[in-house]
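Here is the structure we will look at.
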């Protein structure tokens with residue numbers, strides 16, 4: 001007879017799973033070993049949060065199913081941070097947890113169970129759809145249900161009791177799981193909504209098109225560009241849609257808290273805004289100040305997303321690509337004869353703008369302005385790169401580093417936390433081994449996850465780590481400064497992390513000046529093995545969103 005865990009491994013293979021991420025525990029060790037022995041590669045992390053984040057990063061990079069396997073009790077509690085994060089990203093993540101054996105029916109058991117933990121209650125409360133394999137007969141169906149739920153977007157949890165895993169499964173006890181559901185065909189927008197949007201755009205002299213990650217995933221770039229060219233619009237993106245229109249003469253870059261001065265100046269002049277696949281969250285809206293109070297058309301496949309964070313005057317429910325095509329048909333050439341946003345003056349202004357001159361560098365003898373660091377790294381890193389960011393004040397570097405397309409730009413702040421970037425970057429690196437993956441992380445988040453340096457080397461994952469080391473919890477430092485409060489508890493000693501990374505097998509350098517960074521040019525141009533840069537930053541430089549956040553919090557009270 002086949003053990004249940006063996007049948008579940010076969011089902012994972014049948015679902016097309018080729019890589020699994022995890023951290024084995026005594027209650028999942030047999031299952032994890034069977035996974036690795038089956039031909040599915042098991043990548044082990046050093047912390048459960050990192051293991052789950054690896055699965056999420058892999059799912060993000062492949063648009064497929066990312067699978068993590070961790071233990072029960074304390075392991076489940078350890079991974080709760082990343083599990084909550086994964087459930088909010090929309091990536092397709094299946095997290096398989098160990099679970100206590102199902103009751104035997106005996107009146108007295110051996111106890112206490114030091115790993116006792118109400119995983120179903122906790123995970124469900126955290127927003128995860130949770131399934132339990134309550135018996136060998138139901139285990140394969142539970143796996144299939146959990147996998148289907150994950151493929152719909154967002155994390156799903158499967159709890160595997162130890163005695164169920166090890167029990168023999170009778171032949172034919174349950175049918176093999178069906179294939180994962182096919183993606184739904186894109187939804188066409190209603191003609192009435194398109195006509196309402198077109199009527200508004202016919203009256204616009206200075207339209208702005210704002211695209212997000214949803215527009216990129218819909219493959220809508222070409223249609224949106226054609227629409228913008230036809231109606232004389234400027235083109236911009238949310239942060240998650242970063243660099244979708246890079247190279248276009250009417251490109252403004254990011255709208256919101258990561259905008260440069262030229263974008264802010266031009267956006268203020270818009271008399272209508274069309275939003276494709278962007279949520280208009282607080283950073284895109286600069287806490288309510290990034291867009292002028294003009295008519296706004298919002299296009300999204302989910303009606304619940306439209307107007308969720310910012311009012312929309314015209315709602316277009318449907319696929320971004322199909323909506324852009326429909327608007328092109330409704331707005332034939334010549335619809336907008338007066339096109340001041342495409343005048344020689346406007347395009348000349350944008351062509352002459354240099355983001356490297358948009359700030360006064362605040363380098364010191366022993367530290368770098370993070371913006372100057374970003375400008376320099378832009379030319380030193382391979383052009384075809386994936387950028388994964390942890391969270392913190394150092395995100396002010398975002399506008400200065402480009403990516404080939406939005407699918408290679410990854411923020412990990414969906415749970416408004418630090419410490420998830422490292423694991424996510426490892427998953428992206430595994431999914432795209434032929435490209436350079438760059439992790440940009442602060443020293444606070446790095447200290448939480450430093451043990452994963454060993455994972456990089458052991459699992460032979462290609463990664464460049466740019467440590468944004470301001471010797472502080474940078475966001476909290478500026479948060480306290482803006483309130484004229486003591487900052488001592490937010491400040492760290494100036495530790496040199498390069499020798500530590502070298503001890504794990506990285507090629508590592510300490511960067512205090514731009515001349516130090518130039519010495520790293522050969523290492524960064526074509527990384528051969530893992531690379532670590534400990535970049536010492538001037539902690540006095542605050543990201544623009546810090547003052548926005550401060551103003552917003554002050555306004556609330």
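Derivation of every value follows stated rules applied to the coordinates shown; laboratory data play no part. The structure presented is a predicted model; accordingly, all values stated were derived computationally and were not measured. Heads up, the Cβs are rebuilt from the backbone with ideal geometry, glycines too, and the neighbour counts pull from every protein chain shown.
Once the chain from residue 264 to residue 88 is taken as fully extended at 0.36 nm per residue, the excess over their C-alpha distance is 60.4 nm. Subtracting the Cα-Cα distance of residue 113 and residue 489 from 0.36 nm times their residue separation leaves 131.5 nm of extension gain. If R0 is 30 Å, the Cβ-Cβ spacing of residue 547 and residue 521 corresponds to a FRET efficiency of close to 0.30. From helices alone, the chain scores -10500 deg cm²/dmol at 222 nm; the rule is -39500 (n - 2.57) for each run of n ≥ 4 DSSP H residues, then divide by the residue total.
When the P(r) of region 191-352 is calculated, the portion above 23 Å amounts to 27% of the C-alpha pairs. Note on region 358-556: along the principal axes its Cα atoms extend 47, 36, 33 Å, ordered by decreasing extent. Projected label points at residue 416 and residue 302, each 7 Å from Cα along the beta carbon direction, are separated by 1.8 nanometres. For region 1-117, the Kirkwood radius over C-alpha pairs fed into Stokes-Einstein at 20 °C and 1.002 mPa s yields D = 145 µm² per second.
Take the Cα of residue 134, step 7 Å toward its Cβ, do the same at residue 366, and the gap between the two points is 6.4 nm. Of the beta bridges in region 358-556, as assigned by DSSP with both residues counted there, near 5 percent are antiparallel.
Principal-axis analysis of the Cα atoms of the chain puts helix 136-151 at an angle of about 10° to the longest axis. A Förster radius of 22 Å, combined with the Cβ-Cβ distance separating residue 166 from residue 124, puts the computed FRET efficiency at roughly 0.30. The modelled label-to-label distance for the pair residue 434/residue 554, using points 7 Å beyond Cα in the direction of Cβ, is 5.3 nm. Computed extension length for residue 329-residue 540: 70.8 nm, one decimal, from 0.36 nm per residue of separation with the Cα-Cα distance subtracted. Using only Cα atoms, find the angle between the long axis of helix 544-556 and the longest principal axis of the chain, and express it within 0 to 90 degrees, rounded to the nearest 10. Roughly 80 degrees between the two axes. Checking [x] 93, 66, 51; [y] 81, 62, 49; [z] 98, 98, 53 against the coordinates, the calculated Cα extents along the principal axes in Å falls under label [y].
Axis of helix 421-431 versus longest Cα principal axis of the chain: the two differ by about 80°, to the nearest ten degrees.
Among 302, 11, 434, the ranking by other beta carbons within 10 Å of each residue's beta carbon, starting with the fewest, stands as 434, 302, 11.
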